[in-house]
Amino acid sequence: MQRSTQEKIDIYIIELKKQGVSPYTSVPPLHRLILKLGINITPPLSSGFFVNFLLFALLFGPPWTLLMNFLYWQSDWILGLLFLAAIAGGLFGFIMAAFMRAKAKSLDIPNW
């Protein structure tokens with residue numbers, strides 16, 4: 001019998017919890033939201049570096065830049081905002097992807 005993605009994720013969370021990994025580290029809230037929307041993605045601890053980099057960069061950079069622009073900067077310079085979104089997303093994506101790979105390596109978690 002084939003398991004659904006949600007069943008696989010639930011088993012994954014339980015198994016990692018036994019190893020001392022928080023459910024919010026094994027499957028972060030943004031990943032849970034994406035899964036609830038019906039998009040099947042692998043958990044970040046079981047994804048490759050490049051996939052994590054892109055996902056975290058795209059989920060953080062543009063929303064952060066828009067929020068900062070509306071709250072503080074109020075800039076009309078679109079190219080500057082795109083540049084800031086790329087820099088912020090790239091830095092956040094790199095740091096989170098490196099963290100996830102290091103954590104997965106320390107726990108000996110294979111790719112999905």
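To the nearest 10 degrees, how steep is helix 49-68 against the longest Cα principal axis of the chain, on a 0 to 90 scale?
40
If I stretch the segment between residue 54 and residue 111 completely, what's the gain in nm (0.36 nm per residue apart, minus their alpha carbon distance), one decimal?
Here the answer is 18.9 nm.
Which trypsin sites (Lys or Arg not before Pro) does the stretch 51-112 hold that lie in a coil by DSSP with at most 15 other beta carbons within 10 Å?
Answer by residue number: there is no such site.
Give the cross-link partners of residue 105 among the aspartates and glutamates, using a straight C-alpha distance below 18 Å as the criterion and excluding same-chain residues fewer than 8 apart.
Qualifying aspartates and glutamates at Cα under 18 Å: 15.
Based solely on C-alpha atoms, express the radius of gyration and the Dmax of the stretch 5-107 in angstrom.
15.7, 50
Give the order of 49, 60 when sorted by the count of other beta carbons within 10 angstrom, beginning with the fewest.
49, 60
Determine the calculated [θ] at 222 nm for the chain from helices alone, applying -39500 (n - 2.57) to every DSSP H run no shorter than 4 residues and normalising by the residue count; nearest 500 deg cm²/dmol.
Rounded to the nearest 500, it is -22500 deg cm²/dmol.
For the residues 10, 108, what sequence is obtained by ranking on other C-beta atoms within 10 Å, fewest first?
Fewest-to-most ranking of 10, 108: 108, 10.
What ranking of 72, 24, 12 emerges when the number of other C-beta atoms within 10 Å of each C-beta is taken as an exposure proxy, fewest first?
Going from least to most buried by this count: 72, 24, 12.
Name the aspartates and glutamates eligible as straight-distance cross-link partners of residue 36: C-alpha to C-alpha under 18 Å, and not fewer than 8 places from it in the same chain.
Within the straight-line cut-off, residue 36 pairs with 7, 10.
For the Cα atoms of the chain, what angle does the longest principal axis make with the long axis of helix 5-18, in degrees from 0 to 90, nearest 10?
80
Laboratory data are not the source of any read-out in this text; all were calculated from the coordinates shown. Fair warning: this is a prediction, and the values are worked out from it, not measured in the lab. Note that we place each Cβ from the backbone using ideal geometry, even for glycine, and neighbour counts take in every protein chain shown.
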